[in-house]
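Engineer: My structure is below; once you've seen it, I'll send some questions.
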Amino acid sequence: MVGNCLELQIDYKGVDHVAASPPDRPVRRTGGAVVPIGLALTVLASSLLVSACGGSTTPTPAGRPLYEVDVRIVPGLGRILVDGAGYTLYIYQFDQEGPSKCYLLCARNWPPLDLPTGVNRPLAGPGVTASLLGLTRRSNGVMQVTYNHWPLYLYRDDGQPGVVTGQADDMGAWYVISVDGVVDRNSLPGG
């Protein structure tokens, strides 16, 4: 979903299960702190993935770059925004049309739609209003794509293009955004 890194997902439980030998859970002591080896491996693997999987200009199978914003019609939601691979794009209501407030664990579950290094602006697919596309700088310096001033995100649990499982998720913090730049806080997919 985000660059070429969607296929590899590491979670703490999976790494801990592989790293630990029953019945004890091995730990590594670091400066007086006790850190489970599974957690240490997860942090190491995550940092390697982050450094290796920064934005990609690699086109999707349909030939569109991931940072291209396109339109998909979803029953109950209408014409909503998707990335170049067809994955649903969401806004985070606490961003309130400003800089991103989604970092760390939030950004792991809701990856921002970032521009790859060397790319200066997002692309507007057919039906997308190019003048509503913009950018905001994240705290790590990476440029995140916005639409009508809302930073855009993907949802980790949308397992394939066209899925909309994040609408009104996390107690109503996440919503799709229409091609007109309107956030729909009342509708659910299929209804």
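The values are calculated or read from the model by the stated rules, or taken from the named source; none is laboratory data. Everything numeric here is computed off the predicted structure, so don't read it as measured data. When we count neighbours, we look across all protein chains shown, and the Cβ atoms used for this are built from the backbone with ideal geometry, even at glycine.
Engineer: Here is a check on your reading of the model: is V164 aliphatic (A, V, I, L, M), in contact (Cβ under 8 Å) with a residue 24 or more places away in the chain and outside the structural domain of V82 (by TED's automatic domain parsing)?
Structural biologist: It is false that V164 is aliphatic (A, V, I, L, M), in contact (Cβ under 8 Å) with a residue 24 or more places away in the chain and outside the structural domain of V82 (by TED's automatic domain parsing).
Engineer: Against the condition more than 21 Å from V183 (Cβ to Cβ), of a type outside the set (S, T, N, Q) and under 13 Å from the mean Cα position of the chain (by Cα), how does L152 come out, does it pass?
Structural biologist: Spelling it out, it is not the case that L152 is more than 21 Å from V183 (Cβ to Cβ), of a type outside the set (S, T, N, Q) and under 13 Å from the mean Cα position of the chain (by Cα).
Engineer: Let me ask you something else. Given the criteria charged (D, E, K, R), more than 20 Å from T165 (Cα to Cα) and in contact (Cβ under 8 Å) with a residue 12 or more places away in the chain, does R108 qualify?
Structural biologist: So R108 fails the test.
Engineer: Name the residues in the stretch 136-161 that are closer than 21 Å to G98 by Cβ, touching a residue at least 12 places away in the same chain (Cβ under 8 Å) and out of contact with any Leu (no Cβ under 7 Å at 6 or more places or on another chain), would you?
Structural biologist: T136, R137, R138, S139, V142, H149, W150, P151, Y155
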